[in-house]
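Single-structure report; data block below.
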Amino acid sequence: MTGTDEEGSRSESSGPQPEEPPIAEKPYEIVFEGSRCFGAGKCAAAAENWEMDLSTGLASPKSYFIGEEELNENVEAAEVCPAKKGAGVIHVLDRETGKEIAPDPEADGSLSLGGP
Ligand code: SF4
C-alpha cells in the first residue's frame, strides 16, 4: 500500500497551494486517507470539523487547515479513528515542522500514510 490516494497525496504536493491560509492563522493541516475510511463515524462524534456524507456514508473534514482552537478535537478524531486496524486514516500535521501530531503511531512525527 502506498497511500497515494487523492486525499492523502495532498501532503506530497510540492510547495504551498494558493488556497492555503497563512501558517500563523491556521498552523495545522489535516491529511485524510479518504479512500480508506469505512464510515465508522467516530470522528464526527469527536469533532465539529468532521461530518458524515449521507450519500456515501463516509467522512470528510469541513476544513483541511485548522487553528489552535480546533486542534484538540481533530487530534481526538485522529486518535479514535479505527480504520487501518486502529492506526487511523486522519492525520493532523504541524505545518511549521511538517511533523505528524496525531495519531503518530511511531511516536516520531513521521507521516503515517498507508500501512495495513
Ligand atoms: S472515524 Fe475514521 S473510519 Fe470512521 S468515519 Fe471517521 S475517518 Fe472514517
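Once a ≥ b ≥ c are taken as the square roots of the eigenvalues of the Cα gyration tensor of region 34-116, is the result rounded (a/c under 1.5), prolate (a/b larger than b/c) or oblate (a/b not larger than b/c)?
Judged from the Cα gyration tensor, region 34-116 comes out oblate (a/c at least 1.5, b/c at or above a/b).
Taking amide hydrogens as modeled 1.01 Å from N in the peptide plane, which residues meet the under 5 Å criterion relative to ALA59, leaving out close sequence neighbours?
Residues meeting the amide H criterion: GLY39, ASP53.
Which whole-number percent is the relative contact order of region 34-116 (Cα, under 8 Å, 6+ apart)?
22 percent
Quick check on the exposure proxy: order ILE90, ILE30, ILE23 from fewest to most C-beta atoms within 10 angstrom.
Least to most surrounded, the residues fall as ILE23, ILE30, ILE90.
A short reminder: the numbers here are calculations on the coordinates, not readings from a lab. Model, not experiment: these values are computed from the prediction. Every residue, glycine as well, gets a Cβ built from its backbone with ideal geometry; the counts of neighbours run over all protein chains shown.
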